[in-house]
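Where a number appears in this text, it was derived from the coordinates with a stated rule and is not lab data. Computed from a prediction, not measured in an experiment: that's the story for all the values here. Quick reminder, even Gly has a Cβ in these numbers, built from the backbone with ideal geometry, and neighbours come from all protein chains shown.
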Ligand code: PMT
């Protein structure tokens, strides 16, 4: 499966608020993912950002007025826009728009259009904290939630009006994330998925450690994709700069030992395990209490083996579908197939980690999937989100229905 908004029609509604500038970035992110986006603006929104900006970035006319005779495509076709849309995102959604939508008022293009919409609507409130927390706005939000719309929690922090509190428009990436979740098929509903991601760090002394360049991007993409598709997800992550995915129970660990503990604490209640973490095979036998000082002579470090977590899961597994990863620099087929057998896996995802655009740190990966019975499937280089969805597709094709 491609990402959930690829070739989907999205209407982005923009209201008059200082955060309207963030909608420009949201539009860019949505079009980059392959969505066709039409923009509808309230007259007040046009005071903050010019319609030309949205028209240029979406490649489509922008609707600002139902009765604009110069723009027949965008003005009188708002009902057609409502029928064609797969999802609508209102960002920023002002108190005024929320009040009108909750009460069925239709007095401009956007509020009129919304009453004709039957697809999912995501509302992203953004306003002064006192306005946001005021009883009328909270009442309207409650009504809109009851009507089945998705309301995103605004962020808290310093606001443009100088006050501090809830009311900030969520970041464009977060809004895109919820749009993806909203439009994804829910084929993993009822499944419990355990994903590991990132590197481990094995301390040498308080300031040094053994590790590797894993960023966590591959594993986090799998965790997000599984959550979008309705699974209950636990993500056991080594040190990574990535934020916790929404609605995913994220357990942050440092060492292989801690990863093993977290994995085995969740294993029994898991249906699918996907181990994309780059676990250190060895750790220093002794960890110095203080920073090791430079000496004159050569020095040696004794390493001892970490538990092979994946192999232990393979030995213990009962009903779980077990997916491993193989990070190789050569002989991918031979090395990955050997790991599939030795660790009793159902499937292994092999990647040559020294190719550009593949493996550690990059946004893309080039993987080959190896299955039990000797079959394999080589995928082209693609973004890690798409790799994640294909892995989940292949897992679901192989899990017998309950
Ligand atoms: O995080 P990114 O920057 O996005 O990079 C992604 C990735 C390159 C880390 C990922 O695509 C990947 O290849 N992950 C596996 C890395 C790895 O440790 O491979 P391995 O071939 O050494 O290990 C084989 C399998 O055994 C892996 O599933 C690993 O999680 C597991 N293992 C290894 C050692 C150990 N002690 N315990 C384990 O469970």
Nearest 10 degrees is fine. How inclined is helix 217-228 to the longest principal axis of the chain, computing both from alpha carbons? 50
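Can you order the peptides 23-34, 310-321 by their average number of other Cβ atoms within 10 Å per residue, highest first?
Numbers: 23-34: 18.5, 310-321: 15.7.
The packing order, highest mean first, is 23-34, 310-321.
Antiparallel versus total DSSP beta bridges in the range 9-183: what percent is that, nearest 5?
Once the DSSP bridges in the range 9-183 are tallied, antiparallel ones form about 20 percent.
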Take the alpha carbon atoms of the range 302-368, find their center, do the same for the range 252-276, and report the distance between the two centers in whole angstrom. 15
From the Cα centre of the range 97-164 to that of the range 188-205, the distance in Å is 37
Would you mind getting me the FRET efficiency between residue 25 and residue 333? Use the beta-carbon distance for r and R0 = 35 Å, nearest 0.05. 0.25
With the label point 7 Å along the Cα-to-beta-carbon line of residue 160 and a cut-off under 15 Å to each amide N, the hits in the range 1-40 are 14-26
Length gain on complete extension for the stretch residue 171 to residue 47, per 0.36 nm per residue less the alpha carbon to alpha carbon distance? 42.5 nm
With r defined as the distance between the Cβ atoms of residue 355 and residue 316 and R0 fixed at 35 Å, what FRET efficiency is calculated, to the nearest 0.05? 0.55
Could you check what % of the DSSP bridge pairs in the chain are antiparallel, to the nearest 5? 30
Taking Cα atoms, the helix 256-266 axis meets the longest principal axis of the chain at an angle in degrees (rounded to 10) of 60
Please give the length that would be gained between residue 60 and residue 142 if that part of the chain were fully extended, namely 0.36 nm times their separation in residues minus their C-alpha to C-alpha distance (nm, one decimal). 26.2 nm
Give the angle, between 0 and 90 degrees and rounded to the nearest 10, that separates the Cα long axis of helix 20-32 from the longest principal axis of the Cα atoms of the chain. 60
